Amino acid sequence: MLSIEEIKLLIEKLEKVKKEDLQKLIDSNLKILKDLALAIDANNDQIINRLDKTPEWFILDNQQKKEKPLIDEALRRQIQLKIFQFGRTNAYNSLEIGPGNGMFSMDFRTWAQQFYLDILPQVEDPIRKMFPRAHQKRLIFYKTKNTECSNIPQNSCNFVFSWDTFPFFTQNHVQQYIHDIKRVLIDGGYCMIQYADCHFDIDLQNAKRGYWNYNTKTEMIRMIEEEGYKVIEMNQFRPGANYAIFQKPGKQNPVVYKKLEITLD
């Protein structure tokens, strides 16, 4: 039996391959599949409840990753090198969404202030302990519910980053989040966000088992562009490590990101 994730992926693939000689067949199957996907999303309470992760779920997930990290040193270094490309000025602040156990949190220490946004207040103390006393006043933590970031100063950040967080969100949640953080970004500010791309088997399997939520590169581009951003780069370090870099329109940001191909020996 097809999973809801496989149904949505098939819908997307059928929409891409429309040809005149196949139009009737494709349209009829698309209608059946779309009606089925809509019915499951709207009426299956078990699936709906699975989509919305609770704070308790994130606490357990953080504990498991602390004991057995999913990101190895080679991948961590690749992500870190990307972050450093956006930190060539200390005139503005950074925002990390979902810092979790703080794997990347110290990589933002060159920014004027480092904002951290998480659903769990418990993440603050362990991350603060990573930094020396003199740096503490530059660390500001905010608690969020869903996409709430209204306490973060408007037009205060030139870089927003998130890894190992957005794959857990529904597409509606992802789009609302990237809508809300526009208020936080300066004109010309960048975002770098990991997302699930179910065109790849590892991402699709994570979605089918309910760990991640369904998303694809196609849909991610659509959401980013609908919110008025410019897509700068859509790439992956490896399957399961997909990222999007996109920019808010404007020229206030003194940092200009240039795509850099990273190779490891």
Practice problem: Per residue of the range 132-142, in order, report the coupling 6.51 cos²θ - 1.76 cosθ + 1.60 (Karplus, θ = phi - 60°) as ³J(HN,Hα) in whole Hz, putting x for Gly and Pro. | Solution: x, 4, 5, 8, 4, 5, 8, 9, 10, 10, 10
Exercise. Run a plain Debye calculation on the range 113-156 (Cα atoms as equal point scatterers, no solvent) and give log10 I(q)/I(0) at q = 0.13, 0.14, 0.19, 0.34 Å⁻¹, rounded to two decimals, same order as the q list.
Key: -0.30, -0.35, -0.61, -1.25
Quiz item: What number in nm² do you get for the range 171-230 if you take the convex hull of its Cα atoms and divide its surface by four?
Solution: 4.2
Quiz item: Quick one: in the range 55-247, what % of C-alpha pairs are over 23 Å apart?
Solution: 40
Exercise. Would you mind checking 13/34; 16/208; 137/182; 53/145; 66/145 for any pair whose Cα atoms are more than 18 angstrom apart?
Key: 16/208; 137/182; 66/145
Self-check item: Percent of alpha-carbon pairs separated by more than 18 Å within the range 200-265
Solution: 51
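Bear in mind that the values in this text are calculations on the coordinates, not laboratory data. Keep in mind the model is a prediction, meaning the values are calculated, not measured.
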